[in-house]
Amino acid sequence: MLKRIAALLMATSLVLLLAGCSGKTAGNQQTSSTGQPQKKIIKVGIGLNEKSPQYKGLEKFKEMVEKGSNGRFEVQLYANSQLGDDVKMMEALRMGTQEMTCPSTAPIAGLSKKFMVFDLPFLFPNEKVADQVLDGPVGQKILDSLTDKGIIGLAYWENGFRQLTNNKREVKTPADLKGLKIRTMENPVHLATFRALGANPTPMPFGELFTAMQQGTIDGQENPLTTIYLQKFYEVQKYVSLTNHFYSPFVFMISKKFWDGLSKEDQELIKKAAKEAGAFQRQYNREQMKQMADNLRKAGMVVTELTPEQMEEFRKATEGVYKQFENEIGKDLIEEVKAEIAKYNK
Ligand code: KDG
């Protein structure tokens, strides 16, 4: 009997000892066996590579959060779809198995249709107006539509106006696009737009794109010039037309499960860093973009600038897409965004 009591006492003190070493302290902060608070890990995944302006923005974010928290957070960056494609990563955020990602608005449409408004063809006249609309109340309202999906939208970053590449012929008008098999992001507005232009759109995750071009299973794709150059698409594509057809900004987002476990101060720190790193990222992206058409020419691509008349042909051909998605996006929301654009486009 005594032996049993002694064993029970020993087991209890062992449990207490372990709890003291690695248990929870106030504020849900785990401590290590040395008594030091354990770092909170933030895993951030993206589809683009380490050379992309998006990754440079993430490096800035990492620096700000790690410094600002005195090392309580460790931000781990994963490029090249290492953690999966945009859709898969957003799912991981919802489940709480990954903390952050930064997809274009296009694949977010599967979670909240409101985001499709920013994928309408030829919506924004320039980056400046896009910044003002996205950073204003309507941009915030759309970010907030993610909350009940288990995601907090923190800030809009920039991917850049999207341009069209292909391997068959120079494209100057929608007629030149006829029958070309073009990879698009997974978004109904993108599919409808390319159908309206006479192409044959094929949605596919970014990670599969290079091989698809290389193997000729698609004729072309569309992305900003930074991506076309920095991901070396010029190795497998001959023609690029400067169409500026979609803007589709990035949304820097965080898992709500993770977010809800943070103190108000830490939430503030992360939000501020997401916005400030975003301002840096937009600037850096625009700087880089300036030399990209030349880089692509030097790399052997035929870069085609369109005349205002040719641009108008593209715009006209896709006009019907707005009406087509009025119900899904909401007519009021489309009107609200258009009014905001008109307000700033002066
Ligand atoms: O890192 C973001 C990418 O995953 C993706 O959004 C890039 O524009 C993109 C595309 O074409 O898929």
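When peptides 110-120, 172-182, 206-216 are sorted by average Cβ neighbour count within 10 Å, with the highest value leading, the order is 110-120, 172-182, 206-216. Helix content alone sets the calculated 222 nm mean residue ellipticity of the chain: runs of n ≥ 4 DSSP H residues at -39500 (n - 2.57) each, divided across all residues, give -13500 deg cm²/dmol. Fully extending the segment from residue 332 to residue 170 would add 54.5 nm, taking 0.36 nm per residue of separation and subtracting the current Cα-Cα distance. Of the GluC sites (Glu not before Pro) found in segment 133-189, those that fall in a DSSP loop while having at most 14 other beta-carbon atoms within 10 Å are 170.
Calculate the dipole size of segment 40-345 relative to its Cα centre from +1 charges on Lys and Arg beta carbons and -1 charges on Asp and Glu beta carbons; express the result in debye to the nearest 20.
Values: 42 positive and 41 negative charges, 67 e Å.
Dipole magnitude for segment 40-345 comes out near 320 debye.
Full extension of the chain between residue 291 and residue 257 yields a length gain of 8.1 nm, computed as 0.36 nm times the residue separation minus the alpha carbon distance. Taking the charge dipole of the chain about its Cα centre, with +1 at Lys and Arg Cβ atoms and -1 at Asp and Glu Cβ atoms, the residue from 122, 136, 267 reaching farthest to the positive side is 267. Note on residue 128 and residue 276: the extension gain reaches 51.6 nm, defined as 0.36 nm multiplied by sequence separation minus the Cα-Cα distance. Relative contact order of segment 40-158, taken over Cα pairs closer than 8 Å and 6 or more residues apart, is 24 percent.
Give the order of 337, 87 when sorted by the count of other beta carbons within 10 angstrom, beginning with the fewest. Walk me through the numbers on the way to the answer.
Values: 337 22, 87 15.
If I rank by nearby Cβ atoms, fewest first, I get 87, 337.
Between the beta carbons of residue 283 and residue 39, assuming R0 = 22 Å, the FRET efficiency works out to 0.15 to the nearest 0.05.
Approximating the spin labels as points 7 Å out from Cα along Cα→Cβ, the residue 265-to-residue 307 distance works out to 6.4 nm.
Given +1 on the Cβ of Lys and Arg, -1 on the Cβ of Asp and Glu, and no further charges, what dipole in debye does segment 122-174 carry about its Cα centre, rounded to the nearest 20? Can you show the working numbers first?
Details: 7 positive and 7 negative charges, 85 e Å.
Charge dipole, segment 122-174, about its Cα centre: 400 debye, nearest 20.
For the chain, the relative contact order comes to 23 percent (Cα pairs under 8 Å, sequence separation of at least 6). If R0 equals 25 Å, the separation of the Cβ atoms of residue 298 and residue 51 corresponds to a calculated FRET efficiency of about 0.90. Each Lys or Arg adds one and each Asp or Glu takes one away; over the other residues whose Cβ falls under 10 Å from the Cβ of residue 306, this sums to -3. Summing charges over all other residues whose Cβ lies under 9 Å from the Cβ of residue 150, with Lys and Arg as +1 and Asp and Glu as -1, gives +3. Angle of helix 2-22 to the longest C-alpha principal axis of the chain, folded into 0 to 90 degrees and rounded to 10: 40°.
Have a look at the DSSP beta bridges in segment 40-345 and tell me what percent are antiparallel, nearest 5. Let's see the in-between values first.
Details: 16 of 34 bridges.
Given both bridge residues lie in segment 40-345, the antiparallel proportion sits at roughly 45 percent.
Readers should treat all values here as calculations from the given coordinates under stated rules, not as data from a laboratory. Since the structure is predicted, the reported quantities are computational estimates derived from the model, not experimental observations. In this analysis, Cβ positions are derived from the backbone assuming ideal geometry, glycine residues included, and neighbour counts consider all displayed protein chains.
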